[in-house]
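To start, the structure itself, in structure tokens.
The values are calculated or read from the model by the stated rules, or taken from the named source; none is laboratory data. Model, not experiment: these values are computed from the prediction. Using ideal geometry, Cβ is built from the backbone for each residue, glycine included, and neighbour counts are taken over all protein chains shown. Areas reflect the complete protein model, heavy atoms only, side chains present, ligands, DNA and RNA absent. Shrake-Rupley method; radii C 1.70, N 1.55, O 1.52, S 1.80 Å.
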Amino acid sequence: MSQNHPITISSWTLGDQCTFEERVAAAKAAGFEGIGLRAETYVDALNEGLFDQDLLAILDKYGMKVTEVEYIVQWAEEHRSYEQKYKEQICFHMCELFGVDSINCGLMENYSVEYTAQKLRELCRRAGKYTIGVEPMPYSGLPDVKKAWAVVQAAGCDNAKLLLDSWHYVRAGQPVDLSVLEGIPAEKIVSIQINDVQAHPYAKSILRDESMHDRMLPGTGYGDTAGFVKLIRDKGVRPAVVGVEVISDEILSRGVAQAAKENYDAARAVLEKTWPEVLEK
């Protein structure tokens with residue numbers, strides 16, 4: 001296990017139709033060092049009749065770890081549903097159970113920087129010792145690095161940081177250049193996720209559909225995944241996780257084992273060329 005930068009297959013990459021053991025086994029066989037879990041896929045595992053100790057036993061059986069936890073949403077709503085409050089608590093529990101230090105978070109709703117920062121401050125207080133990784137997404141209330149960083153900066157919390165995903169980065173129309181990250185301390189970028197984009201984006205009104213169904217393997221599309229990785233490297237970021245998040249109906253249709261292998265092989269090829277130190281055990 002690369003303790004500092006585990007190469008992780010993010011939860012959505014293997015969908016939500018496999019069992020917990022199938023997910024772990026496929027990730028291990030492909031070469032990944034960790035798996036990501038969403039609150040929903042953790043609950044799916046419990047719904048199989050497994051208990052926390054069973055999950056830990058399966059991970060131990062394959063020599064694997066959960067290294068990525070997600071996904072808190074709607075945290076800026078004035079009146080949050082009990083479902084969202086409980087989902088947040090599930091994420092905190094997952095961190096404690098699996099020994100994960102950060103949680104990926106997004107925000108679809110669009111509010112002012114000041115208001116969003118206040119709500120992020122409240123979330124960070126509830127998170128306590130865990131880091132909140134805020135992910136900018138082009139179809140969300142935090143559409144790009146600029147606004148996401150403004151919110152994190154205004155929140156003023158040690159445990160508020162950024163999570164950067166190459167698909168979202170490219171589809172936000174941001175150049176793969178250090179100028180985009182100017183003024184952001186390297187330690188304020190907690191993790192990254194890599195993937196790639198098709199030649200032409202979906203229409204703005206349905207861009208999220210592309211994100212959730214038609215991403216491409218790292219280095220196989222038109223988004224300069226290698227350039228994104230170099231950018232992160234040159235910035236001096238030391239990601240807690242290098243996630244591979246390729247949400248693709250086509251790739252997943254070939255089965256979880258094959259999807260995991262294709263994702264690992266593509267990600268490794270990019271990393272070997274751009275940041276081989278990350279792959280060191």
Measuring from a point 7 Å past the Cα of residue 198 along Cα-to-C-beta, which residues in segment 243-275 have an amide N at less than 14 Å?
247-251
Which whole-number percent gives the relative contact order of segment 1-47, counting Cα pairs below 8 Å spaced six or more residues apart?
48
Per the 1.4 Å probe, what fraction of the accessible area of segment 7-59, in percent, lies on carbon and sulfur atoms?
53
How much of the accessible area of segment 195-261, probe 1.4 Å, is carbon plus sulfur, in whole percent?
50
Normalised contact order of segment 1-143, rounded percent, pairs of Cα under 8 Å and 6 or more residues apart:
20
May I ask which of 161/261; 235/273; 146/230 have a Cα-Cα span longer than 27 Å here?
161/261
For the full complex of protein chains and a 1.4 angstrom probe, list 213, 79, 168 by accessible area with the highest value first.
79, 213, 168
How large is the Kirkwood hydrodynamic radius of segment 27-102, in angstrom, based on all distinct alpha carbon pairs?
13.3
Length added when fully stretched, residue 52-residue 205, from 0.36 nm per residue minus Cα-Cα
51.1 nm
When only the heavy atoms of the protein chains count and the probe is 1.4 Å, how do 109, 277, 70 rank by accessible area, highest first?
277, 109, 70
Label points 7 Å out from Cα along the Cβ direction at residue 220 and residue 114: separation in nm?
4.8
Let me have the 222 nm mean residue ellipticity of the chain computed from DSSP H runs of 4+ only, each contributing -39500 (n - 2.57), with the sum over all residues rounded to the nearest 500.
-13000 deg cm²/dmol
Which of the trypsin sites (Lys or Arg not before Pro) found in segment 9-107 are in a DSSP loop and have at most 16 neighbouring Cβ atoms, other than their own, within 10 Å?
80
Label-point separation (nm) for residue 187 and residue 60, each offset 7 Å from Cα along Cα-to-Cβ?
3.5
With a 4.7 Å Cβ cut-off, tell me which Cys residues in the chain come up empty for a partner.
18, 91, 95, 105
Share antiparallel - DSSP beta bridges, the chain, percent rounded to 5:
5
Picking from 251, 179, 139, whose Cα lies most toward the positive end of the charge dipole for the chain (charges on Cβ: Lys, Arg +1; Asp, Glu -1)?
179
Taking a ≥ b ≥ c as the square roots of the Cα gyration tensor eigenvalues, with a/c under 1.5 meaning rounded and otherwise prolate when a/b beats b/c, else oblate, which class fits the chain?
rounded
For a quick check, take a GNM of the chain with Cα springs below 10 Å and name the residue from 48, 77, 245 with the largest mean-square fluctuation.
48
